[in-house]
Amino acid sequence: MSTSYDKFPYVPVDEDARLCLRGWAAIAERLKAAGQQGSVLCIECYPGLFESEVVEALTAYIRPAVVIRAQDALRPPEEIESIVRPFLTDDPVFGLMNDLRLQDLFDPALVAELRRQVQSQTTSVTLVVGTGAYFIAPQSHLLVYADLARWEIQQRQRRNEITNFGAANLSDPPSLKYKRGFFIDWRAADQLKQQLLNRIDFLLDTNTLGDPKMITGDQFRRGLDLASQRPFRVVPFFDPGPWGGDWMMNKFDLPGDRPNYAWGFDCVPEENSLLLGFGDVRVEIPAIDAVFRRPKELLGAFVHSRFGAEFPIRFDFLDTMNGGNLSLQVHPLTSYIRQHFGMSYTQDESYYMLDAGPDASVFLGLKEGIDCKHMVADLRSAQEGEHSFPAEEYVNRWPARKHDHFLIPAGTIHCSARNSVVLEISATPYIFTFKLWDWGRMGLDGRPRPIHLEHGIANIQWDRTTEWVRRNLVNQIQTVEHGPCWREERTGLHSLEFIETRRHWFTGPVPHETNGSVHVLNLVEGEAAVVESPTNAFDPWIVHYGESFIVPAAVERYTIRPLDSGAQCATMRASVRESNAG
């Protein structure tokens, strides 16, 4: 099957490309025009941004009387380290969720001194720039938010171009920079961003060095509002891994300069970008901005009341076609993740087989009658490098075919084997995966991948054995409704999990209702389909095979039909169960 998979989807905001200013000269001219004598221009920056580019460009074009860098008010690096260390822990992957604020990393006396400098300037422009600039100039005449996508931050970390906020860690491995970003930088910066969303005068897109773009705050907010009222897609990204395959490379026409593609992050708003379209120009922002702006409209009232301004459903691809097995792993129970990591919910998930080779399989659950102590001893011995772990002596290996669905509530040992393409449908806190065995291989960086044996052993549910798994987790599919040209099937997830999944097979229009919960869908069969509003609330919208898309709760009613009349299509749809507490 060929595909027209769109790697750069966007939300159309306006047909006039002139509404988006491009290049530092045009941006500076607009900011100068919006200012006044004695004005204070505050550029609040997301961590990871190249602040020097912003300072040099705006200084050259605007020629402010004074330039104040927010970083000059930071606490000393060693003091910052003592503040963040308890939340980072000594683990190479996991830290503690926390409520640390950006302002906690600033010296109050230095902030006060810089504020006095700002207030003393009355005759010319004062430029205040950096992460935390808002603390220096909370009453600025113009507030610009310079935003940056999470994926671009990760690329800069991997190229050793940036440190973490307030840290002197340029030479740290990218994995440690990501960890610190996940537990410290991004959480704290997002907290401030949420406070400023309704106050921003201009939004600055700084994702591409030397090619900045700027829109007004009103245009930025309008784009986010539009996303909360219609179906949309976030910008996917793809990454190699030690077990990666070649299915996505071939199917989605990805660049061939990688050793493989293991992950396809197709709908993870905490990580993906959102493109706002102005004519033929695209402004890139973090997709989570849409959740921050309209959480109730996007998520639904009961989902928002439970999760706050977080997107709880994740769709991604795991590609092992002509690759290898994923690591044998288990996810923490809710009580465990809350007690040990401060997270309120865990990564319940499922594997939906988007494609499968003749020998595809899934490791899932334990075999009947195994000796738990022997299994633990073998895991420990394998971890010490004494021998390989004999996985098939302890863990069930189920044959897998295209469109099979395997349910994986937290605490269930599992992994996808080689020669398959999994649409992973899960709750969002995906960083909390406890690897038990990684088949004795190295990561792409040539280093052993972290194994979390003690955490994993503490969470394995030893009673989830063959027959229980067969009755509860393998292809629990039942038809729940049908129409003249469609059939709706309940495919899971397990009653222990808060996500509900439904598959629809259709050759004509099939009706959907959000019922107060955000929907995430993927076209798992068929070339293309059309998403429409029965009340014309949004324009008809085409999705292609393999594309994941979001339908906000506020949409309420919508239909999906094949683009080509009579063609066989299928979607997988996930939502949050209102009656299940998880």
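The values are calculated or read from the model by the stated rules, or taken from the named source; none is laboratory data. Keep in mind that what you see is a predicted model, and the values were worked out from it rather than measured. Using ideal geometry, Cβ is built from the backbone for each residue, glycine included, and neighbour counts are taken over all protein chains shown. Side chains included, ligands, DNA and RNA excluded: accessible areas come from the protein's heavy atoms. Shrake-Rupley method; radii C 1.70, N 1.55, O 1.52, S 1.80 Å.
The table that follows gives values for the structure above.
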{"quantity": "Pairs, first in contact (Cβ under 8 Å) with a residue 60 or more places away in the chain in the range 67-90, second open to solvent by 70 Å² or more (accessible area, probe 1.4 Å) and outside any helix (DSSP H, G or I), C-beta under 7 Å, six or more apart", "calculated": "77/168"}
{"quantity": "Test: residue in the range 327-335 that is buried (at least 24 other Cβ atoms within 10 Å of the Cβ), closer than 29 Å to residue 227 by Cα and touching a residue at least 24 places away in the same chain (Cβ under 8 Å)", "calculated": "no"}
{"quantity": "Of the criteria (1) touching a strand residue (DSSP E or B) at 6+ places or on another chain (Cβ under 8 Å); (2) surrounded by 18 or more Cβ atoms within 10 Å (Cβ to Cβ); (3) farther than 30 Å from residue 554 by Cα, which one residue 243 fails", "calculated": "(1)"}
{"quantity": "Some residue of the range 97-120 being within 30 Å of residue 266 (Cβ to Cβ), surrounded by fewer than 21 Cβ atoms within 10 Å (Cβ to Cβ) and under 22 Å from the mean Cα position of the chain (by Cα)", "calculated": "yes"}
{"quantity": "Matching residues in the range 168-202 - criterion: being crowded, with 19+ Cβ neighbours inside 10 Å and in a loop (DSSP other than H, G, I, E, B)", "calculated": "200"}
{"quantity": "Failed item in (1) exposed (fewer than 13 other Cβ atoms within 10 Å of the Cβ); (2) not in a loop (DSSP other than H, G, I, E, B), with residue 36 passing the rest", "calculated": "(2)"}
{"quantity": "Test: residue in the range 1-8 that is under 19 Å from residue 133 (Cα atoms), at pLDDT 95 or above and surrounded by 14 or more Cβ atoms within 10 Å (Cβ to Cβ)", "calculated": "no"}
{"quantity": "Test: residue 85 is at pLDDT 95 or above, part of a helix (DSSP H, G or I), within 26 Å of the chain's Cα centre (by Cα) and among the charged types (D, E, K, R)", "calculated": "yes"}
{"quantity": "Every pair of residues 6+ apart whose Cβ atoms lie under 7 Å, when the first sits in the range 452-463 and is crowded, with 17+ Cβ neighbours inside 10 Å while the second is among the basic types (Lys, Arg) and part of a helix (DSSP H, G or I)", "calculated": "none"}
{"quantity": "Flag for residue 386 being of a type in the set (D, E, K, R), over 28 Å from residue 314 (Cβ atoms) and touching a Lys or Arg at 6+ places or on another chain (Cβ under 8 Å)", "calculated": "no"}
{"quantity": "Verdict on residue 155 being open to solvent by 30 Å² or more (accessible area, probe 1.4 Å) and at pLDDT below 95", "calculated": "no"}
{"quantity": "Spans of strands (runs of 3 or more DSSP E) in the range 206-280 with at least 1 residues within 22 Å of the chain's Cα centre (by Cα)", "calculated": "237-239, 263-267, 273-278"}
{"quantity": "Of all residues in the range 147-187 being small (Gly, Ala, Ser) and over 20 Å from the mean Cα position of the chain (by Cα), the one that is nearest to residue 100 (Cα to Cα)", "calculated": "166"}
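One line per residue, one yes/no per condition, for (1) within 27 Å of residue 435 (Cβ to Cβ); (2) at pLDDT 95 or above; (3) touching a Leu at 6+ places or on another chain (Cβ under 9 Å); (4) surrounded by 22 or more Cβ atoms within 10 Å (Cβ to Cβ):
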position: 261; (1), (2), (3), (4): yes, yes, yes, yes
position: 270; (1), (2), (3), (4): yes, no, no, no
position: 277; (1), (2), (3), (4): no, yes, no, no
position: 283; (1), (2), (3), (4): no, yes, yes, yes
position: 292; (1), (2), (3), (4): no, yes, yes, no
position: 324; (1), (2), (3), (4): yes, yes, no, no
